[in-house]
Amino acid sequence: MQTLSIHHRASAHRTFERLLFWVARAATYLVLIAAACIFLKIGIKGSQTVFTSHWPFVNVEFFTEKPSTLYVFDWHGQKMELSDASFRAFKAAHPQEEIAAETYAHSAGGILPCIVGTVLLVSGSMTIALILGICSAIYLSEYSTEGRTIRLIRLAIMNLAGVPSIVFGLFGAALFVYYFKWNISLLAGWFTLAFMVLPVIITSAEEALKAVPQGFREGSLALGATKWQTIRTNVLPYAIPGILTSSILGVARVAGETAPIMFTAAYVVRDNYPWEVSKWTDFFFQPVQALPYHIYVVSSKIPQNEYTERVQYGTAFVFLFVVLMITLGSVLLRIRLRSKLKW
């Protein structure tokens with residue numbers, strides 16, 4: 001009887017584990033299917049804006065011009081859709097004609113300033129975050145001694161990782177925009193986004209440093225190297241692939257944030273490109289446009305219609321492509337470093 005009871009319990013455990021396995025598998029596939037449906041919809045509708053049926057098969061205007069107002073009007077039985085500049089030129093060419101046009105904000109032109117602003121914000125903020133994050137991780141992993149203060153620091157870092165992005169946006173506006181008087185600028189956006197992603201960078205970099213075998217440190221110190229020489233030559237190079245993993249997570253978060261950019265860095269309309277400044281220092285103290293903020297404005301701040309919808313999906317399509325390229329670059333660099341640095 002005891003043997004049969006044990007066999008029954010073991011069978012029940014196997015049944016429960018099998019059920020748990022299928023529940024976890026179904027949940028995973030459900031998430032993948034939902035994500036695939038979202039990306040598929042953006043890909044299909046966005047490609048209709050980004051690509052054309054004639055040479056060069058790409059909507060060059062969408063990638064090379066600034067956002068502008070769309071004018072829609074009837075011209076001798078033909079429906080005309082012109083951007084602001086094209087409409088002014090058309091009116092100048094037909095001064096005697098009365099043209100009654102409907103206007104749609106942000107529904108013509110392109111998104112080049114938004115692409116440039118997004119790349120600048122991501123690259124600058126990730127550079128600052130990696131420098132500060134790696135330095136902090138080196139101190140916590142290599143120099144600090146375990147105690148109450150260090151445990152409190154690690155707890156504070158973990159808590160900061162869960163703070164909503166809008167709180168970081170308000171913090172950046174209060175500190176960088178108003179207290180430091182940087183105003184709405186690229187520099188304020190850099191530091192706000194960097195501080196937002198810093199907890200992830202510090203935690204991941206510290207784990208990557210701890211993953212390097214202790215023998216690497218002991219061997220270097222035994223040969224007479226200093227603490228910093230050991231870290232620089234025998235620890236940090238082997239931790240770089242793991243640190244790049246955290247940078248990939250940081251890029252994905254920084255690029256997709258809207259609230260911090262809205263409070264510290266972005267303007268809805270920006271007539272000049274970042275490099276169109278009178279002094280080189282003005283480059284850092286001017287606002288920029290960004291793809292996530294542009295999507296937010298076009299999706300919620302203006303009347304919705306068929307023209308704004310194609311801009312929304314086109315911008316989202318390009319935005320995903322830009323993030324994919326930045327992330328792919330980090331992944332390829334990590335793979336290359338891992339292939340060279342093995343122990």
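Tabulated data for the structure shown
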item	result
Residue ID - nearest to Gln289 (Cα to Cα), chosen from residues in region 157-210 that are in contact with an Asp or Glu (Cβ under 8 Å, 6 or more places away or on another chain) and of a type in the set (A, V, I, L, M)	Leu193
Residue pairs meeting the criteria (Cβ under 8 Å; at least 6 apart or on separate chains; first in a loop (DSSP other than H, G, I, E, B), in region 56-68; second aromatic (Phe, Trp, Tyr))	Phe57/Phe51; Asn59/Phe51
Residue within region 80-88 that is in contact with a helix residue (DSSP H, G or I) (Cβ under 9 Å, 6 or more places away or on another chain), of a type in the set (A, V, I, L, M, F, W, C) and under 27 Å from Cys114 (Cα atoms) present	yes
Cβ pairs under 7 Å, 6+ apart, first in region 218-247 and on the phi < 0 side of the Ramachandran plot and assigned to a helix (DSSP H, G or I), second among the basic types (Lys, Arg) and modelled with pLDDT of 90 or more	Thr230/Arg217; Asn234/Arg217; Val235/Arg217
Residue within region 100-107 that is surrounded by 13 or more Cβ atoms within 10 Å (Cβ to Cβ), under 25 Å from Ala208 (Cβ atoms) and either at pLDDT below 90 or aliphatic (A, V, I, L, M) (or both) present	no
Within region 137-164, considering residues that are of a type in the set (Gly, Ala, Ser) and under 21 Å from Gly189 (Cα atoms), the one surrounded by the fewest Cβ atoms within 10 Å (Cβ to Cβ)	Gly162
Condition broken by Leu332, with the remaining ones in (1) in contact with a Pro (Cβ under 8 Å, 6 or more places away or on another chain); (2) free of Cβ contacts under 8 Å to residues at least 24 places away in the same chain satisfied	(1)
Every residue from region 221-235 that is surrounded by 19 or more Cβ atoms within 10 Å (Cβ to Cβ) and either under 30 Å from Phe176 (Cα atoms) or modelled with pLDDT of 90 or more (or both)	Thr230, Ile231, Val235
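Condition check ((1) surrounded by fewer than 17 Cβ atoms within 10 Å (Cβ to Cβ); (2) closer than 24 Å to Tyr296 by Cβ) across all residues:
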{"site": "Ser53", "(1), (2)": "yes, no"}
{"site": "Val58", "(1), (2)": "yes, no"}
{"site": "Thr64", "(1), (2)": "yes, yes"}
{"site": "Ala93", "(1), (2)": "yes, no"}
{"site": "Gly110", "(1), (2)": "no, yes"}
{"site": "Cys114", "(1), (2)": "no, yes"}
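The values are calculated or read from the model by the stated rules, or taken from the named source; none is laboratory data. Only a predicted model underlies this, so the values are computations on that prediction, with no experimental measurement involved. Please note: Cβ atoms are built from the backbone with ideal geometry, for glycine as well, and neighbour counts cover all protein chains shown.
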